[in-house]
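Encoded as structure tokens, the structure appears first; notes follow it.
The values are calculated or read from the model by the stated rules, or taken from the named source; none is laboratory data. Small disclaimer: the values here were computed from a predicted structure and weren't measured. FYI the Cβ positions are ideal-geometry reconstructions off the backbone, even for glycines, and counts take in every protein chain you see. To get the accessible areas, we keep the full protein, side chains included, count just its heavy atoms, and leave off ligands, DNA and RNA. Shrake-Rupley method; radii C 1.70, N 1.55, O 1.52, S 1.80 Å.
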Amino acid sequence: MTERNFLFLLGSSRADGNTELLARLAAEQLPAGTDQRWLDLRDLPLPDFEDRRHSDGHHAPTGHAATLLEATLAATDVVIASPLYWYAVSTSTKRYLDHWSGWLETPGADFQRRMAGKTLWGVTALADDDPSVAEPLAGTLRNSARYLGMRWGGVLLGNGSKPGDVLSDTGAAARAKDFFS
């Protein structure tokens, strides 16, 4: 059995928000010794993605983009922890996903082949009682996984607006207990 290596990418605009709390609750349920790497996209800002496929091509990333590419490729499980902002992923999360397009074209990265078979997960907090409003976020992640030949692990939804509210969502807490199993 292959040892699992989880990359948690935090896409909130604030620290210790509901989405991060829910992701950490789910991560606590992983078997002891499971490798976890937590990266906050606020600490690794990426520039807007520039599509260079039809001009001078994409080059090996540097700086934060190189850090994120390396971490993404090293993981067996990629967890996108993004709050639901206007029915989609956060800006920093979307920018990270946009950079996947460049990594697909980066010489030597072999991004699509190396992502195939990994599992993509989503964790999000929303301030709406109707979970269907998170479908655009889930669809973005699910379709990204499908495109790259990844497994889709699903999305863990929790309800909360003010920091800490999600801890009162007993249904989300219960779902977190076996989300990654």
Requested in this report: Would you mind finding the one in Gly158, Gly171, Gly164 that is among the small types (Gly, Ala, Ser), farther than 17 Å from Thr72 by Cα and touching a strand residue (DSSP E or B) at 6+ places or on another chain (Cβ under 7 Å)?
Outcome: Gly158
Requested in this report: Mind listing whichever residues of segment 154-169 are open to solvent by less than 30 Å² (accessible area, probe 1.4 Å) and either touching a Phe, Trp or Tyr at 6+ places or on another chain (Cβ under 8 Å) or small (Gly, Ala, Ser) (or both)?
Outcome: Gly154, Leu156, Gly158, Gly160, Gly164
Query raised in the report: Taking the stated definitions as given, is Asp43 part of a loop (DSSP other than H, G, I, E, B), touching a residue at least 24 places away in the same chain (Cβ under 8 Å) and touching a helix residue (DSSP H, G or I) at 6+ places or on another chain (Cβ under 9 Å)?
Result: no
Report task. Within segment 97-120, work out how many residues are open to solvent by 60 Å² or more (accessible area, probe 1.4 Å) and modelled with pLDDT under 95. Result -> 3
Report task. Exactly one condition in (1) at pLDDT 95 or above; (2) open to solvent by less than 60 Å² (accessible area, probe 1.4 Å); (3) over 14 Å from Gly158 (Cβ atoms) is not met by Leu21; state its number. Result -> (3)
Requested in this report: For Leu137, indicate whether it is touching a Pro at 6+ places or on another chain (Cβ under 8 Å) and surrounded by 13 or more Cβ atoms within 10 Å (Cβ to Cβ).
Outcome: no
Requested in this report: Only one of these is among the β-branched types (Val, Ile, Thr), part of a helix (DSSP H, G or I) and open to solvent by less than 10 Å² (accessible area, probe 1.4 Å): Thr72, Thr67. Name it.
Outcome: Thr72
Report summary line: Reported set for segment 100-148 where residues are closer than 28 Å to Asn18 by Cα and among the acidic types (Asp, Glu) is Asp128, Asp129, Asp130, Glu135
Report summary line: Scanning segment 170-181 for residues that are in a loop (DSSP other than H, G, I, E, B) and either open to solvent by 70 Å² or more (accessible area, probe 1.4 Å) or closer than 16 Å to Asp16 by Cβ (or both) gives Lys177, Asp178, Ser181
Report task. Within segment 141-179, track down each residue that is more than 16 Å from Phe6 (Cα to Cα) and β-branched (Val, Ile, Thr). Result -> Val166, Thr170
Query raised in the report: Conditions: (1) open to solvent by 20 Å² or more (accessible area, probe 1.4 Å); (2) modelled with pLDDT of 95 or more; (3) more than 12 Å from the chain's Cα centre (by Cα). Leu126 meets all but one. Number of the miss?
Result: (1)
